[in-house]
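See below for the structure under consideration.
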């Protein structure tokens, strides 16, 4: 989980062009939107693309994004859970 | 072309890896690629605006030229509704269009898609400075001072516009060019009359002849 959160920070910085940020600037529990990292609605769409590109995960519905993209930790937990579900199903 | 009460109170020309404002060299970065040059100038200006890095290169170029105009100009505290923007270029948003098209083969990038209109640069400048006045973006094969002068002049004549950023902002591949002016109704020390001749002269600025001591 720690390694996944570190990887996510690097991927988010690259995907969202957060050139003035470093992974260590982003706390695992910092809010990603508004306060905290200050992401916006276009960034939310880019996070959905990131999940698809890097983890082959599609969000089941738009509402899910509000909880999944709350912080780095919630994203990492979602990816871990979905990968476990996929592994169990195969 | 333009009404005699309109003046150029600040100007900014960006090309050949140099930024020149009011005849003086503000910044130079020899040998840098477009993105590197623009981000270098952003850091040189010491602006704290993280959204800059998310923008396409057309918006970055326009935003930086506008930043120079507001820093070096003598812009007064006009009401947001009374400050307009009129920009022109030849390549529209083709630079961003090509990048977006390249992303479509994988997963289309929403962040690239939002820049596939040339007038987005006007929106970015307006958001940054809180402008809410008249605005327009025109695409023409080459810099057309007569058209620019006519349209900006009409804005001052027919609307409550008190100040207006106007000019040419163009990016395609490694080619880029910005020639922008701040227009105001009232003269200020050093202001030049807003005429076709002045715009033509500004566009013809020879960057090679201007150095740090200019």
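Just so it is clear, none of the values below were taken in a lab; they were calculated from the coordinates. On a predicted model such as this, the values are computed, not experimentally measured, just so you know. All Cβ positions, glycine included, derive from the backbone under ideal geometry; neighbour counts span all protein chains shown.
Here are the numbers for the structure shown:
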{"read-out": "Residues satisfying the stated conditions in the range B:118-150, i.e. within 14 Å of chain A (Cβ to nearest Cβ) and more than 17 Å from residue B:172 (Cα to Cα)", "value": "B:123, B:124, B:127"}
{"read-out": "Segments classed as helices (runs of 4 or more DSSP H), wholly inside the range A:3-90, with at least 1 members that are more than 14 Å from chain B (Cβ to nearest Cβ)", "value": "A:64-68, A:72-89"}
{"read-out": "Matching residues in the range B:118-128 - criterion: being assigned to a helix (DSSP H, G or I) and crowded, with 19+ Cβ neighbours inside 10 Å", "value": "B:120, B:121, B:122, B:124, B:125, B:126"}
